[in-house]
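K.L.:
Below is the structure I would like to discuss, written out as structure tokens.
The values are calculated or read from the model by the stated rules, or taken from the named source; none is laboratory data. Just so we're clear, the structure is a prediction, and the values are computed from it rather than from any experiment. Because the Cβ atoms are built from the backbone with ideal geometry, glycine has one as well, and the counts that use them run over all protein chains shown. All accessible areas refer to the heavy atoms of the entire protein, side chains included, with ligands and DNA or RNA removed. Shrake-Rupley method; radii C 1.70, N 1.55, O 1.52, S 1.80 Å.
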Amino acid sequence: MSIWYPYQQMKHLPEPHKIINAEGMYLYTEDNKMIDSISSWWCMIHGYKHPVLNAAIKEQTDKFAHVMLAGLTHEPVQKLAAKLEEWLPGDLNHCFFSDSGSVAVEVSLKIALQYYLNRGETNRTMVMSLTNAYHGDTFKAMEVSDDEDYHFVMKAYGPSKNVVHVPTNVPALEEAFVKYHAQLNAFIVEPLLQGAGGMLMYDISYLKRARELCDQYDVLLIFDEVATGFGRTGNRFVADLVQPDILVLGKGLTGGYIGHAVTVASDRVYAGFYDDNPNHALMHGPTFMGNALACSVALKSIQLFDEEHYLDKIHHIEAITKREMAGFSDPRVKEVRIMGGCMCIEVYDPATLEGFKEFAYKHGVFSRPFSKYMYTMVPYIIQEPGLVHIYDTMKLWFKKH
């Protein structure tokens, strides 16, 4: 029996680095100590083996690890829902929990479709999303995404009649709404920062106009903040700046400790399901939704984020990043992009980055560039020397190769 690893042609799989321990910002192999520059796919915002989070897991384990959330409930999920209602902006008050970001996106799209079906509007079957979008690897999430590197399998079905993609410029957005609004149930975006599509960054003015257009044409606005939430853009959530109708959170929700996610609906959206008609109920139920261990550690993760002033930490990371990358240039580099806790070096040719992962490993950094993008999404606990070391390693690659 073998392990089938992600995003990799198994026939050409390099030997993965075997981690035997992890603590703080460091990953340990038998012969090396590496700074994790990408927070294990952007989720380990507090780093590894955090004593507060470890204690939360252990305390809940002594009570019970999991019970189903159908016909049963428990204190950790009740407390987490109450905390999110208090913590999130506006009337984002209704939490539907699931076990991964992709599933939470699926739930958001299902909610948007059924919201209009419950109103008797059967023509609103289309979703609008961004070009270069990535929303996960489950099927509806792939359909609304726009990244052939990950989702080329969807070509088997041909062009989707249910999805329209728009670039991040306002005139194109306005034109799309004029053309498709009567058929749209939702506009889903990764707000401000598009992750797997290339660490692409755009302006808040686009989202403000999207909110206006969604209101004008009665279309639901969905923010997929699985990657951008919990400070990654320099904002606690982009939803604090522009409020969506549905917000999707994952990754940093549990501090990276356990896979868990939440789809949060506004009062208006929730009211579209709250009815005497049983057919208006949301018929969805992941087995591990509201997992007690996940909810317990999520509560402590949020507490750490607030009490230890993580936004200040993130702004400090951004300031150091801008200082360290100022003046960096290379003929092979197309652009350097910085936003909050994310930095991306985009090159013209993906071949430029071949071998960098092993080079970084030898210099004590775990990095995983993809396509044309060398990037960082560091744990927020990182200190200045560690951050500088990451950027020195990246710049040294261009100097020596």
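K.L.:
For the structure I just gave you, tell me whether Y7 is touching a residue at least 40 places away in the same chain (Cβ under 8 Å) and at positive phi.
P.N.:
Judged against the criteria, Y7 is a match.
K.L.:
Can you name every residue in segment 74-85 that is in contact (Cβ under 8 Å) with a residue 40 or more places away in the chain and closer than 18 Å to V264 by Cα?
P.N.:
Correct list: P76, V77, K79, L80, K83, L84.
K.L.:
So, one more: Of everything in segment 359-390, what is small (G, A, S) and open to solvent by less than 50 Å² (accessible area, probe 1.4 Å)? Give them in sequence order.
P.N.:
A360, G364, S367, G386 - these are the residues of segment 359-390 that are small (G, A, S) and open to solvent by less than 50 Å² (accessible area, probe 1.4 Å).
K.L.:
Being open to solvent by 30 Å² or more (accessible area, probe 1.4 Å) and aromatic (F, W, Y) is the filter; apply it to segment 274-307 and report the residue that is nearest to L113 (Cα to Cα).
P.N.:
Applying the filter and picking the extreme gives Y274.
K.L.:
Please find, among V242, V226, the residue that is in contact (Cβ under 8 Å) with a residue 40 or more places away in the chain, under 22 Å from D147 (Cβ atoms) and assigned to a loop (DSSP other than H, G, I, E, B).
P.N.:
V226
K.L.:
Now, a different point. Taking V248 and the conditions (1) within 18 Å of the chain's Cα centre (by Cα); (2) closer than 30 Å to Q383 by Cβ, which numbered condition does it fall short on, given that it satisfies the others?
P.N.:
So the condition that V248 fails would be (2).
K.L.:
Look at segment 122-145 and say how many of its residues are in contact with a helix residue (DSSP H, G or I) (Cβ under 9 Å, 6 or more places away or on another chain), open to solvent by less than 10 Å² (accessible area, probe 1.4 Å) and more than 20 Å from P6 (Cα to Cα).
P.N.:
Total satisfying the criteria: 4.
K.L.:
Take segment 194-223 and flag every residue that is touching a residue at least 60 places away in the same chain (Cβ under 8 Å) and surrounded by fewer than 18 Cβ atoms within 10 Å (Cβ to Cβ).
P.N.:
Of everything in segment 194-223, just one residue is touching a residue at least 60 places away in the same chain (Cβ under 8 Å) and surrounded by fewer than 18 Cβ atoms within 10 Å (Cβ to Cβ), namely M201.
K.L.:
So which residues in segment 311-345 are open to solvent by 10 Å² or more (accessible area, probe 1.4 Å), of a type outside the set (A, V, I, L, M) and assigned to a strand (DSSP E or B)?
P.N.:
K334, E335, R337, listed by residue number.
K.L.:
Looking only at segment 176-193, count how many residues are surrounded by fewer than 16 Cβ atoms within 10 Å (Cβ to Cβ) and under 19 Å from V144 (Cα atoms).
P.N.:
Result for segment 176-193: 2.
K.L.:
Can you tell me which residue within segment 337-366, out of those that are of a type in the set (S, T, Y) and in contact with a Lys or Arg (Cβ under 6 Å, 6 or more places away or on another chain), is farthest from Y257 (Cα to Cα)?
P.N.:
This residue is Y348.
K.L.:
Name the residue that is nearest to N291 (Cα to Cα), counting only residues in segment 26-55 that are polar (S, T, N, Q) and surrounded by fewer than 20 Cβ atoms within 10 Å (Cβ to Cβ).
P.N.:
Taking the candidates together, the pick is N54.
K.L.:
May I ask you to list pairs of residues, at least six apart or on different chains, whose Cβ atoms are under 7 Å apart, with the first in segment 313-341 being closer than 20 Å to L192 by Cα and the second being open to solvent by 50 Å² or more (accessible area, probe 1.4 Å) and modelled with pLDDT under 95?
P.N.:
Nothing qualifies.
K.L.:
Could you tell me which residue of segment 153-175 is most open to solvent (accessible area, probe 1.4 Å), considering only residues that are under 22 Å from D218 (Cβ atoms) and within 21 Å of the chain's Cα centre (by Cα)?
P.N.:
This residue is H165.
K.L.:
Another question, if that's okay. Do we find a residue being aromatic (F, W, Y), in a helix (DSSP H, G or I) and within 18 Å of S37 (Cβ to Cβ) anywhere in segment 357-374?
P.N.:
Yes - at least one qualifying residue is present in segment 357-374.
K.L.:
From K58, K63, grab the single residue that is surrounded by fewer than 20 Cβ atoms within 10 Å (Cβ to Cβ) and assigned to a helix (DSSP H, G or I).
P.N.:
K58
K.L.:
Is there any pair with a first residue in segment 271-287 that is closer than 25 Å to S100 by Cα and a second that is modelled with pLDDT of 95 or more and loosely packed, with under 11 Cβ neighbours inside 10 Å whose Cβ atoms are under 7 Å apart and which are 6 or more apart or on different chains, and what are they?
P.N.:
From residues that are closer than 25 Å to S100 by Cα, the pairs are G285/A70.
K.L.:
Within segment 224-258, take every residue that is small (G, A, S), in contact with a helix residue (DSSP H, G or I) (Cβ under 9 Å, 6 or more places away or on another chain) and open to solvent by less than 10 Å² (accessible area, probe 1.4 Å) and give me the one that is farthest from M201 (Cα to Cα).
P.N.:
G255
K.L.:
Moving to a separate point now. I want to confirm something. Restricting to segment 193-218 and keeping residues that are within 17 Å of G136 (Cα to Cα) and among the hydrophobic types (A, V, I, L, M, F, W, C), which single residue is modelled with the lowest pLDDT?
P.N.:
A196
K.L.:
Y150 versus (1) open to solvent by less than 50 Å² (accessible area, probe 1.4 Å); (2) closer than 17 Å to D224 by Cβ; (3) touching an Asp or Glu at 6+ places or on another chain (Cβ under 9 Å): which is the lone unmet condition?
P.N.:
Condition (1) is where Y150 drops out.
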